[in-house]
Amino acid sequence: MIKVNYSNKPNTFSGIWIPFGVGLGFLFVVLGIFNLVLDNYILHIITVIGIYIIAATSLNLTNGYTGLFSLGHTGFMLIGAYTSVLLTYKVSLRAAYNLPSLPTLLGGANYQWPFLPALLTGGVIAAIVAMIVGYPVLRLRGHYLAVASLGFMIIVTTMAKGMKSFTRGASGIQVIPHYSNLWNVYIWVAITIFVLWRILQSAPGRAMLAIRESEVSAQSQGINLMKYKLYAFVSGAFFAGIAGGLYAHFTRSIRPYEFSFSMTFFIVIMPIIGGSRNLFGPALGASLLIAMRYLLKPAEEALGVYGLVELIYAALLVSVMLWRPGGILGKESRAK
Amino acid sequence: MYGASYIYQQIFNGIVLGSIYALLALGMALVYGILGLINFAHGALITIGAFCFYFLLFKFNLPFVLAIILTISLGGFVGFLSEAIGYRKLRGGPGLSLLITSLGIYIFIENAIKLLISPQPYAFFNPPFLNRIINSFITFRVIDIFIIITTIVIMICFGLFVKRSKIGIAMRGIAESVETAGLVGINVNQVITWSFVVASAIAALTGFMWGAKYGQISYNMGFMPGVIAFVAVVIGGIGSIPGAVLGGFLIGLIQIFTVGFLPLGWSVYRDAIVFTLLIIVLLIKPMGILGRRESM
């Protein structure tokens, strides 16, 4: 069954903004309390969780709701990260780090972009790339799409490694300004979940769900498959770009291979474990997996058993697939 | 420009790399034909095979032939296990759940190796007789010839197996339709298990080849060849085993030519070029070079 709230008063002011306002208020009260009582290390973990919630939730628009299994999400995160970093990078450090100065069109050599416009630009560029890539790739189904999108991710990471004059190649970019914090990350978490909720309540959202159930029957209802697949893919890519930008300005150093297969796997399994047919499933998966990673990392390092965390993730994934295919928040049904 | 010897050398190298991809694609096409599954875990078998051979030959000092036989057996056994644990229960469910599970199994095996053996790459030494360099018109080692001949032998055996043996015929029947095959009395479970065992055993052997050819093995060495093998299956034509082999050789040649003939900075892109080719093939000729139209 489809887990979306089909309420009867969808498009009224009170039906949209009151849940959003209440949710946002609640979220920020909780975060405010966290900010007062918890130490910096735990706040750091909570911020990381927020970034992954954005990535996993937006990925779920294609992977969970539209039934397009994409493995290319981190490619868009990489695009968003590098775009925003190249715009916000400090003017005084550009020469030392061999990064090009901005062309006149983007503000000239002595201009450093503020964070928000740079972040949005990163998201928009990722969305544009998604539109260009999606048009050919989304004609494929199932397994073909999975491998083609994985290929897209590999193409993007090798390009980031190869285009040395923009990205410094494999050595990556360091000393990125530290703009992301608990508050702006969670504002974006709220925006992502809200936008996704609105999309799923709207006609395009229903079209996406129909495409997931059966492309043939969706098409016979007059749904333009390519249009709605692109809709899902491009909106997912926009938020992936945002997540990438937030990630870059939080960790303050990025390398092409950070956005490679292990991160892809990490993000792809979050919605599956949390429950890919529930709006909050990916968020739950993200919180669970990252909390687990930070809890187990000390043990992993103390015992010298590197790979333990991923091993547990993989075992968890296979167990969920075998015994609870809908994820933790999913319904018990085994959809065929 | 390049001399004739250089060009032949590159073609030869391409054929060696292509042989490895072709063997992997063979197993992948077998499994895909029967279950419709891209088995990401196929790549993990490469790693298992490489490490297994390494330990048998250099730590336990077993004879070469025995080490090869044990490596192949272990590969087959792991294939059997992964099918019995992971895939059997999910068969007939949504198509993607098998794919996701195979991703999980791949990550599990990769990290089990990382945890149990080492996160660092190992240097892979060949037995001396495989390292002998033959330097005539083109330069090669005995291992290169070994890889090519083994590939040819396996392909002939595999062709006979699929065409003549009872299980092979049953495999082709299941690839046509699982339901019908069950109706005419084929033991579907047994045959699917056999196809995993055969595919995984071959993949484990390629693990040895990869290590022997490139001299380094690491816990994540299998991923890229595994994915490229699937690309070879798609390029050659889904459902066609000769197509998969052709695709494997084609990709091997293209990768070697990328490194050998394009300017120096381009060698970074050798994997990216394969995927670009994949996307182009899927758009122009979605059935692949030798493929038949799939009933969706």
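The values are calculated or read from the model by the stated rules, or taken from the named source; none is laboratory data. From a predicted model like this one, the values you see are computed outputs, not experimental measurements. Methodologically, a virtual Cβ is constructed for each residue, glycine included, from the backbone with ideal geometry; neighbour enumeration extends over all protein chains shown. The accessibility values were calculated without ligands, DNA or RNA, using every heavy atom of the protein model including side chains. Shrake-Rupley method; radii C 1.70, N 1.55, O 1.52, S 1.80 Å.
For the reader, a short list of remarks on this structure follows.
- Segment A:178-325, accessible area per residue, ligands and nucleic acids excluded (1.4 Å, Å²): 37
- Using θ = phi - 60° in the Karplus curve 6.51 cos²θ - 1.76 cosθ + 1.60, the 3J(HN,Hα) couplings for segment A:297-304 round to 3, x, 4, 4, 6, 5, 8, x Hz; x is entered for Gly and Pro.
- Taking the protein heavy atoms of segment B:14-221 in the context of the full set of protein chains, the accessible area attributed to carbon and sulfur is 69 percent at 1.4 Å.
- Of the residues B:49, B:243, B:92, the one that moves most in a GNM of chain B with alpha-carbon contacts below 10 Å is B:92.
- Pairs with C-alpha atoms separated by more than 21 Å, drawn from the list A:297/B:114; A:90/A:164; A:229/B:89, are A:229/B:89.
- Integer Hz, Karplus 6.51/-1.76/1.60 couplings in order for segment A:317-322, x for Gly and Pro: 4, 5, 5, 4, 4, 7
- If you model segment A:122-252 as an ellipsoid using its alpha carbon gyration tensor, with each semi-axis the square root of five times an eigenvalue, the axes come out at 31, 21, 9 Å, biggest first.
- Cα-projected label distance for residue B:169 with residue B:69, points at 7 Å along beta-carbon direction, nm: 3.0
- Surface calculation, 1.4 Å probe, protein heavy atoms: residue A:161 sits at approximately 60 Å² accessible.
- Segment A:268-336 versus segment A:214-248: alpha-carbon centroid distance in Å: 24
- Using θ = phi - 60° in the Karplus curve 6.51 cos²θ - 1.76 cosθ + 1.60, the 3J(HN,Hα) couplings for segment B:219-226 round to 5, 10, 5, x, 5, 4, x, x Hz; x is entered for Gly and Pro.
- Each of B:47, B:180 has its accessible area taken with a 1.4 Å probe; listed largest first, they run B:180, B:47.
- Residue among B:222, B:36, B:265 with the largest mean-square fluctuation in a Gaussian network model of chain B, springs linking Cα atoms under 10 Å: B:265
- Between residue A:141 and residue B:183, the simple label model (points 7 Å from Cα in the Cβ direction) yields a spacing of 2.2 nm.
- Other-chain or far-sequence residues with amide H under 5 Å of residue B:122's (modelled H): B:217, B:218
- Label point distance in nm, residue A:90-residue B:5, each placed 7 Å from Cα along Cα→Cβ: 5.6
- Accessible surface buried by the A/B pair amounts to about 3900 Å², both sides summed, 1.4 Å probe.
- Of A:207, A:146, A:302, the one that fluctuates the most in a GNM where chain A has Cα springs shorter than 10 Å: A:302
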